[in-house]
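Have a look at the structure below before the remarks.
The values are calculated or read from the model by the stated rules, or taken from the named source; none is laboratory data. None of the values given here were measured: they were computed from a predicted structure. Every residue, glycine as well, gets a Cβ built from its backbone with ideal geometry; the counts of neighbours run over all protein chains shown.
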Amino acid sequence: MEEVQTERESEQETSDESAQSDQGVNQQIVSPPTQPEPSYPSERLKRAAHMLFFKRGRVPGAKAWELKAGIGKSYEKVLDQLDEELKELDLQVKKVEAEGIGEYSPEDDEADKFRYFVRLRGTLTPKEARMSGWRIDNLAALAAALSLVVSKQGKVERKELEIMIAEKAGRWRTLTLTDTFLRTGYLEEDETGMISLGWRTKAEVELPSLMMLVAEAKPQDDDAEVSATSSMEESAPRPPEEQPTE
Amino acid sequence: MANILQTGSKHAGRKRGGARRELKELIETCVAIENRRFNPFLLDISEALRILRLHAEEWTELGDHLLDMKALASLAKVVGLQSANLRFQSSTLYVDPSMLQEKLRGMSRDQLAGLLLLSWHPIVEFEQLTVPTAREALDYWTKMLPFFERWKRFQPGPISLPVTTEAEELHRLGMIADKAFGKKLDEFWIELKQMAGTKTKIDYWAFVKGQNRSETVSRAQLASFLVTYGYATLESEGRELTLAPKVQQSIRKEATPVSFPIAIPREVK
């Protein structure tokens with residue numbers, strides 16, 4: 001309501017000013033109004049944010065050359081600035097090698113081999129993940145799948161992977177889940193049926209952290225699963241306020 | 001003198017307050033490291049221990065001692081994390097796959113999901129309507145027939161009410177067998193024995209061949225059950241196949257069952 005009043009007041013002021021300026025033209029008292037100079041850095045910042053937030057193709061984010069064309073040669077500085085601005089919102093700009101996204105060829109310019117995304121700086125709590133449409137089973141299956149692929153030095157047979165996923169998500173849901181992980185880019189399948197890590201995993205998952213957590217974890221009984229869920233929700237970390245910029 | 005003492009105690013109180021704040025900050029940092037927000041090596045352990053030692057003699061209250069203990073325990077956890085981090089770094093993401101699989105099997109779904117959530121930073125992406133997709137949607141909408149027009153295509157016509165049916169009708173449709181399978185097999189065995197008569201074995205095709213191909217296939221199927229269940233034996237000599245009925249049903253348990261496919265030639269009706 002206050003804002004409305006302020007707007008009205010400002011409109012009033014503007015109309016008063018324009019009236020005065022009209023008089024000024026005749027009386028030569030007030031100098032003619034000057035157009036405010038456009039703020040280029042903030043405009044470029046906005047453009048960068050639009051390019052990174054809004055999905056235009058199959059893969060989110062923007063390629064380096066797209067950003068160069070849209071923002072200019074100094075796009076990396078603009079992205080650094082955007083990253084600073086996003087800190088407040090617990091978001092960050094992440095630079096990922098485009099290799100594996102199927103859009104980079106070795107002939108391309110060195111800088112063009114990167115793709116930029118905006119991702120969460122901190123982490124989600126189990127409750128938040130559930131609210132954004134992720135089932136705990138699916139997350140568990142994804143964790144198992146990723147750690148298995150990493151432990152097998154980046155490649156694993158689809159069958160072996162499905163056996164592992166089936167242990168966490170059940171036999172019937174395994175096929176659907178594997179396809180979902182492949183479709184969303186967490187995993188990739190080559191023509192020989194070997195599964196490897198997909199572009200989304202590289203962009204979203206801190207694999208060293210995941211592997212360390214899995215290596216350190218003490219197996220928990222399934223009986224204790226119910227109590228673990230509630231305790232996990234209580235003790236889960238909130239998104240961090242600070243994290244080193246990448 | 002009293003003034004000096006008061007000033008001294010105020011000074012000590014301020015000092016203690018500052019020390020408590022330092023310890024709380026240290027604990028917060030340790031908790032942040034435990035939650036994987038920072039690299040464990042970002043914390044200088046020797047400096048942290050120096051702070052603990054510096055304030056150790058100032059504590060007089062139980063709460064302060066507990067705070068000191070908590071800080072020390074948090075530091076110990078960070079040292080543990082540093083050790084784990086070093087071990088992991090030296091292995092460059094390598095974890096023994098069989099050990100990992102064992103671990104994954106032992107872990108509950110919630111535990112696994114929790115571990116992923118600690119290392120997962122999902123991408124922010126907005127889906128939006130573009131001019132081409134809006135045009136496509138509009139085109140689809142304008143071309144789409146009204147609901148009742150579309151419904152006409154699926155009109156099933158007058159629906160006949162369900163009626164009861166007889167067993168003969170179901171048998172005629174081939175939905176149920178006219179006799180129990182066991183009884184049918186017994187009768188087939190008797191037929192085989194009668195056909196063999198005094199001979200010990202008869203030609204397979206002479207027995208199996210029926211009035212038409214469908215009957216032949218059914219008889220061949222029953223003959224295969226006769227052999228499988230030990231009512232008869234099948235012998236193959238070159239191209240000739242013979243069936244030998246047994247006097248009594250018997251299955252040789254010690255024998256290994258072997259599949260013997262018999263193709264029914266086109267010329268056999």
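When B:ILE251 is tested against (1) part of a loop (DSSP other than H, G, I, E, B); (2) modelled with pLDDT of 90 or more, just one condition goes unmet, and that condition is (2).
In the range A:1-87, counting only helices (runs of 4 or more DSSP H) that sit wholly within it, the ones holding 1 or more residues that are modelled with pLDDT of 55 or more span A:40-53, A:64-71, A:75-87. Out of B:ARG16, B:ARG37, one residue alone is modelled with pLDDT under 75 and either in contact with a Phe, Trp or Tyr (Cβ under 8 Å, 6 or more places away or on another chain) or surrounded by 13 or more Cβ atoms within 10 Å (Cβ to Cβ) (or both). It is B:ARG37.
If the requirement is being assigned to a helix (DSSP H, G or I) and surrounded by fewer than 14 Cβ atoms within 10 Å (Cβ to Cβ), which of these qualifies: B:ALA113, B:ALA76? None of the others qualify; the one that does is B:ALA76. B:GLU57 falls short on exactly one of the conditions (1) closer than 13 Å to B:ALA19 by Cα; (2) touching a helix residue (DSSP H, G or I) at 6+ places or on another chain (Cβ under 7 Å); (3) not polar (S, T, N, Q), and that condition is (2). Picking from residues in the range A:132-179 that are more than 22 Å from the chain's Cα centre (by Cα) and not in a helix (DSSP H, G or I), the one that is nearest to the other protein chains (Cβ to nearest Cβ) is A:LYS152. For beta carbons closer than 9 Å, sequence separation of 6+ or different chains, a first residue in the range B:115-144 that is within 18 Å of A:TRP134 (Cβ to Cβ) and touching a residue at least 60 places away in the same chain (Cβ under 8 Å) and a second that is outside any helix (DSSP H, G or I) and among the small types (Gly, Ala, Ser), the qualifying pairs are B:LEU118/A:ALA236.
Note on the range B:234-244: residues that are loosely packed, with under 15 Cβ neighbours inside 10 Å and touching a residue at least 24 places away in the same chain (Cβ under 8 Å) total 3. Of the residues making up the range B:44-55, one or more are in a loop (DSSP other than H, G, I, E, B), exposed (fewer than 12 other Cβ atoms within 10 Å of the Cβ), of a type in the set (D, E, K, R) and free of Cβ contacts under 8 Å to residues at least 40 places away in the same chain. Among the residues of the range B:19-33, just one is within 14 Å of another protein chain (Cβ to nearest Cβ), crowded, with 20+ Cβ neighbours inside 10 Å and either over 45 Å from the mean Cα position of the chain (by Cα) or under 15 Å from B:LEU49 (Cα atoms) (or both), namely B:CYS30. Selection of the range A:117-131 for residues being facing chain B (nearest Cβ under 8 Å) and either touching a Cys at 6+ places or on another chain (Cβ under 8 Å) or not in a loop (DSSP other than H, G, I, E, B) (or both) yields A:PHE117, A:VAL118, A:ARG119, A:LEU120, A:PRO126, A:ALA129. Each residue in the range A:176-204 was checked for being over 28 Å from A:LEU91 (Cβ atoms) and among the aliphatic types (A, V, I, L, M), and 2 of them qualify. Just checking, how many residues over the range A:180-216 are away from every other protein chain (no Cβ under 11 Å) and assigned to a loop (DSSP other than H, G, I, E, B)? Selection size over the range A:180-216: 5. Each residue in the range B:93-112 was checked for being more than 7 Å from every other protein chain (Cβ to nearest Cβ) and either closer than 13 Å to A:GLN153 by Cα or of a type in the set (Gly, Ala, Ser) (or both), and 3 pass. In the set (1) at pLDDT below 90; (2) among the charged types (D, E, K, R); (3) closer than 28 Å to A:ALA49 by Cα; (4) in the same structural domain as A:PRO60 (by TED's automatic domain parsing), the condition left unmet by A:ARG130 is number (4).
Please determine, by comparing only the residues of the range B:175-191 that are hydrophobic (A, V, I, L, M, F, W, C) and in a loop (DSSP other than H, G, I, E, B), which one is modelled with the lowest pLDDT. Step by step, filter the range B:175-191, then rank; the result is B:ALA177.
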